[in-house]
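Any read-out appearing in this document is the output of simple, stated calculations on the displayed coordinates, not a laboratory observation. The model shown is predicted, which means the values in this text are computed figures rather than measured ones. A quick note on method: Cβ atoms are made from the backbone with ideal geometry, for glycine too, and the neighbour counts reach across all protein chains shown.
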Protein chains: 2
Amino acid sequence: MTSSPQSLHRVNYAAPRSFGTLLKANLKETLFPDDPFHEIKNEPISRRFLKGAQYFVPIFEWLPKYNFKLLKYDLLAGITIASLAIPQGISYAKLANIPPIIGLYSSFVPPLIYAVFGSSKHLAVGTVAACSLLIAAIIEGKVNASDNMPLYLSLVFTATLFSGLVQTALGLLRLGILVDFLSHSTITGFMGGTAIIICLQQLKGMLGLKHFTTHTDVVSVLRAIFHNRKEIMYTRKNASLQKNKKPKLFWVSAIAPMVTVIVGCLFAYFAHAEKHGIQIVGHLSKGINPSSIHLLNFDPKYISAPIKAGVIAAMISLAEGIAIGRSFAIIRNEQIDGNKEMIAIGLMNIFGSFTSCYLTTGPFSKTAVNFNAGCKTAMSNVVMSICMMLTLLFLAPLFSYTPLVSLSAIIMSAMLGLIDYDKAYHLFKTDKFDFCICMAAFFGVSFISMDIGLMLSVGLALIRALLYIARPATCKLGLISETGLYRDVEQYPDANGIAGFLILKLGSPIYFANCNYVRERILRWIRDERSHTISKGNEIEFLLLELGGITSIDITGVETLLEIRRCVQAKGIKMILVNPRLGVLEKLMVTESIDTITKESVFLTIEDAIDACRFSLKCSDHIKTENLAIV
Amino acid sequence: MTSSPQSLHRVNYAAPRSFGTLLKANLKETLFPDDPFHEIKNEPISRRFLKGAQYFVPIFEWLPKYNFKLLKYDLLAGITIASLAIPQGISYAKLANIPPIIGLYSSFVPPLIYAVFGSSKHLAVGTVAACSLLIAAIIEGKVNASDNMPLYLSLVFTATLFSGLVQTALGLLRLGILVDFLSHSTITGFMGGTAIIICLQQLKGMLGLKHFTTHTDVVSVLRAIFHNRKEIMYTRKNASLQKNKKPKLFWVSAIAPMVTVIVGCLFAYFAHAEKHGIQIVGHLSKGINPSSIHLLNFDPKYISAPIKAGVIAAMISLAEGIAIGRSFAIIRNEQIDGNKEMIAIGLMNIFGSFTSCYLTTGPFSKTAVNFNAGCKTAMSNVVMSICMMLTLLFLAPLFSYTPLVSLSAIIMSAMLGLIDYDKAYHLFKTDKFDFCICMAAFFGVSFISMDIGLMLSVGLALIRALLYIARPATCKLGLISETGLYRDVEQYPDANGIAGFLILKLGSPIYFANCNYVRERILRWIRDERSHTISKGNEIEFLLLELGGITSIDITGVETLLEIRRCVQAKGIKMILVNPRLGVLEKLMVTESIDTITKESVFLTIEDAIDACRFSLKCSDHIKTENLAIV
């Protein structure tokens, strides 16, 4: 009798790794997937200290190499984004129901902090519409802004502090993984829904003027329509330009808001608009940010609102800030460390809350303008910050003539750009479930509320994620003739099954949530296969499970494998495992299940398994015939 | 110039399946993984109707074939479980703070319903300690049982109705998948924690008697200790017996509770125990279940408690009932349809709530006794039901002398058997995370509350599930010399990398929650590989991604693949995809990303990819040298 043919390829049954080793490896993969200290590893201690400082405070890295040539670019970009920051700051502050000057303050301190700690070269710091509205909506639930502005404002600052703390904590704990659960689809829907409610709110505000005087009404509505048309035009152009990648023309969109404000101011000033009932921003006092530490309010009576607003706004602003930073870094083939970004955004919000700023992040629009204006480093944020300081010190009163309708127009123009029809259509065309996730956010935000819409969408995305693992795909493999390859028979119709064998490829981890399914599915494969082959007369004798796609398995999964083995054995079928990966094989050895399955039933390749099985069949046939001969 | 060598193995680019086909396939896998109607498919319509009726009402299937021989077995088993049902019914009713007679009622109607609709042959219907306590704990939060028993009782019936409705609905909607998320580890911890609090509660009750009279105290505590010792002894024996698979001796444990009750009754009756202050069960009226439809209470003031109790108890009792049914079916190589079981358990609770029964399911202990007593079909439940009816009609008053301490002893003995040290130790030894999930349930239930403990544990299990998919394992493949096999270099240390190539095997679906990780991880592989190979002078020129383990991908995942391609291209590396599965390839085609990646960069095997890449390298070298020659 010849020796078994399986001797060539041997499965490695080395002793399983210790718990400590596994824990370290898993923690590293979970929390430090980018191996942030790889540059420091092989350096002497003094260099390590410098590298460490450069790692945690990126300005140490780029400032020493900074030169005049770079400054030219950053100066231009910085001034451009400052011209955007002024109108947007005032507008979004109005969305958050806080005094407009807070919006200007918020573009002074946070950009400086970001320039020190941020790792993105293109991110432009500023306030964002969605979070402004979200904070307002949640805090208005506790305190009415028009009734008690000081209390309302103090809660907004407190919410900003909580946002900053949450963001910094997430970064320090390296929990960027939480932000990963806000998918592009969710963000697209959320932004679109937010844009819709903001636009409706603005329109309502514009048309609400009707009840004051008929005269004002005509003027303001006409102005509104005029501005809107202009703005919608700009936005359309802007949107299409950005998509067609013609960065030269972005200037039009970059300066449009500033032009709107200036034209509005001049009109209001010379026409004495306030006398005709056109509402203007009103008094803006000179001077830079006052301290707001004494305003932070931890009164247990109100604290739930700022905590809720802070946590939700923290997640959304992180998702926006990190996503936009990453997108532009990828265009330039650079890399962004998400966790470092979180710390930078968190710190700027913490310091912001101490200096009369409210929530800031890296808005899509402003960052795009910054990028297109040619910024080279975070210095553009410093330039913007200096521009804002000069504005606050000298020019602030000039902006007090800005008509509110101009602000509405600016907000609406920005909002219309956030409704991404193309993306939604693309989702619809390519992935219906992603489209549902997007629509859940869109309609949830539009018709219920911002936080519920967001949670609906994230919940749906999580359900999808859980379905992925609760119903892992299994497929039957067949031999593609003349190639020796075993592939999915559905995908490759010319792949044929092998008589007597059923070869199944399992995917995804096997564990408690899917083990019942896996068992049922495998038994169903056997049933189906039998009903097909029964007419041809060749029974299945071996069930080959290709485990190469299974990365891990838990106790329940191991028990399931043993159950499957028992079930098929009762039907006279032998279960064979092919190519179990490290984690799976280790778990089989630790639980001693490998002794039940037997090492002789585990093979490295499908060919080996089939050869060995045929060999054993022949042997048993041989023995049978021998026995017959003896009889 | 020769033609490219890749012509042999061709990737199949057939047109993607339509949305309808995909939806149908996915729905089927999600909701009908066991293909329940496979037997009906190829039958004529009349047979289909019969088969359908047999499918939905299993009694139609087994009753016509029933014979006297089977009845003998079922009679014995039925009487045995009835002798268990009487003491357990009274005891658990006490746990739920409801009159003991309800416990007896609950073993009369539900078993009859289950016998008609249930598909398990071994499941014995009865009340369970954990759910009794859970219902009591939640409803006590609204109404105090001792203050207003009629209201309390009506809410318990209402909770039972809700449980039944939830269970039936889950079964009809084929959402057995929800029960899958209660893992063995969670159940083990939950049962253990419940056992601990029930034991403490019983002990407190026993020792609480101290404050009545000193005389009673000694008697009752001694009795309690006596009973406990006896019972603990029984339980130990019982547990070890069940594990050692010696079913002959299970009788000891099966009749122990009944013996305890009878001895207790005789003692209480002849010693006139109630005069000495030993509390007894008290009056039990003759007669079978009265209707309780008029007692169902949907008062909005209280409704939240029965809904909450109903839903949580429904899930736990389903998990217990289905798990135990499956375990015994597997021993006998039969199959249990989880969804059908849900409908059966749900219907028996709905009818139960109409006939003065509270929540029932298939308890572990009782089902084990039923199995060991040799039951053959669900007829054993009918026998038990008839025994209960006779008891209710004629014997009920006899049990009114049962001393409460006997009940405590019975409860504690059953509870101690639920603390599964061995399982916990096994979990600790083999899977630390599963152990944590188990301990979360155990300590959560012991120290916080039953529902919070359960949710903590399920939450932890879900986080683990999400981590599985958020951090999919990737590994580097190398060629095991002389075999032509590409395997994980960590698992097979004799597998060697190939100069110029980095071959990575990805696992699990790629989608929004893990795409950032996947990108970072791949870039880190490249970085690590470069730092290793840079000394040897051979740069990576090709990145091969083995996608055979990836079962699906979403839009974000596709975008990530394109980003990875862009990133590595900037480093002068070409990205090659190997063996994409059906779902992945379809998504690449639908999104038209395949045109960016190019079909020339997708191969069916690693060998093909390497051959083709080497060929193209040679060609370009050839062209270079030709160009040099021309120059």
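So here's what we get for this one:
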{"quantity": "Inter-copy spacing of residue B:563 label points, which lie 7 Å from Cα along Cα→Cβ, given in nm from shortest upward", "calculated": "3.9"}
{"quantity": "Approximate spin-label separation residue A:13-residue A:200, in nm, with each point projected 7 Å along Cα-to-Cβ", "calculated": "6.7"}
{"quantity": "Exposure proxy order (Cβ contacts within 10 Å, fewest to most) of A:31, B:523", "calculated": "A:31, B:523"}
{"quantity": "Alpha carbon Rg of the protein assembly as shown, scaled by the compact-globule rule 2.2 N^0.38 Å", "calculated": "1.08"}
{"quantity": "Mean projection area, nm², convex hull over Cα of the range A:474-629", "calculated": "9.9"}
{"quantity": "Degrees between helix A:379-390 axis and first principal axis of chain A (Cα, 0 to 90, nearest 10)", "calculated": "30"}
{"quantity": "Leading residue at positive end of dipole, the protein assembly as shown (Cβ point charges), from B:596, A:342, B:66", "calculated": "A:342"}
{"quantity": "Counted charge near residue A:347, where neighbours are those whose Cβ lies closer than 12 Å (Asp, Glu -1; Lys, Arg +1)", "calculated": "0"}
{"quantity": "Nm distances between copies for residue A:455, ranked from closest, using label points 7 Å along Cα→Cβ", "calculated": "1.1"}
{"quantity": "Simple label model, 7 Å out from Cα along Cβ direction - residue A:532 to residue A:563, nm", "calculated": "2.6"}
{"quantity": "Angle between chain B longest axis and helix B:515-533 axis [Cα atoms, degrees, rounded to 10]", "calculated": "50"}
{"quantity": "Paramagnetic reach from residue A:148 (point 7 Å along Cα→Cβ, amide N under 17 Å) across the range A:268-312", "calculated": "A:295-307"}
{"quantity": "Inter-chain Cβ neighbour average for residues B:594-600, partner chain, 10 Å", "calculated": "0"}
{"quantity": "On Cα atoms only, tilt of A:421-430 relative to the major axis of chain A in degrees", "calculated": "10"}
{"quantity": "Packing-based ranking, highest mean first, of B:313-321, B:453-461, A:551-559, B:524-532 given that Cβ atoms within 10 Å are counted", "calculated": "B:313-321, A:551-559, B:453-461, B:524-532"}
{"quantity": "Residue-span extension gain [residue A:266 to residue A:37] - 0.36 nm each, minus C-alpha spacing", "calculated": "76.9 nm"}
{"quantity": "Nearest-first distances (nm) between copies at residue A:393, label 7 Å from Cα via Cβ", "calculated": "10.2"}
{"quantity": "Charge dipole of the protein assembly as shown about the Cα centre (unit charges at C-beta), most positive-ward option of A:295, B:369, A:509", "calculated": "A:295"}
{"quantity": "Per-residue mean of C-beta atoms belonging to partner chains within 10 Å, peptide A:513-521", "calculated": "6"}
{"quantity": "Magnitude of the charge dipole, the protein assembly as shown, Cβ model with Lys/Arg +1 and Asp/Glu -1, debye to 20", "calculated": "760"}
{"quantity": "Spin-label pair residue B:67/residue B:463, simplified geometry with 7 Å Cα→Cβ offset, distance in nm", "calculated": "5.8"}
{"quantity": "Mean Cα-pair separation over length for the range A:464-612, i.e. relative contact order, pairs under 8 Å, 6 or more apart, %", "calculated": "20"}
{"quantity": "Packing-based order for A:283-296, A:360-373, A:576-589, using average beta carbon neighbours within 10 Å, highest first", "calculated": "A:360-373, A:576-589, A:283-296"}
{"quantity": "222 nm mean residue ellipticity, helices alone, for chain B (DSSP H n ≥ 4; -39,500 (n - 2.57); rounded to 500)", "calculated": "-20500 deg cm²/dmol"}
{"quantity": "Rounded to 5, the percent of DSSP beta bridges in chain A classed as antiparallel", "calculated": "45"}
{"quantity": "Least to most buried among A:37, A:190, A:32, B:435 (fewest other Cβ within 10 Å first)", "calculated": "A:37, A:32, B:435, A:190"}
{"quantity": "Protection proxy ranking, peptides A:479-487, B:393-401, B:336-344, average beta carbon neighbours within 10 Å, highest first", "calculated": "B:336-344, A:479-487, B:393-401"}
{"quantity": "Charge dipole (the protein assembly as shown, unit charges on Cβ, about Cα centre) - positive-most of B:20, B:202, B:186", "calculated": "B:202"}
{"quantity": "Exposure proxy order (Cβ contacts within 10 Å, fewest to most) of B:122, A:272, B:426", "calculated": "A:272, B:426, B:122"}
{"quantity": "Residue and distance (whole Å) for the chain B Cβ nearest the axis that superposes B on A", "calculated": "B:549, 2"}
{"quantity": "Local net charge near residue A:92, Cβ-Cβ under 15 Å (Lys/Arg +1, Asp/Glu -1)", "calculated": "+1"}
{"quantity": "R0 of 51 Å, Cβ-Cβ distance residue B:76-residue B:432: FRET efficiency to nearest 0.05", "calculated": "0.70"}
{"quantity": "Potential extension, residue A:50-residue A:571 segment - 0.36 nm per residue separation minus Cα distance", "calculated": "180.8 nm"}
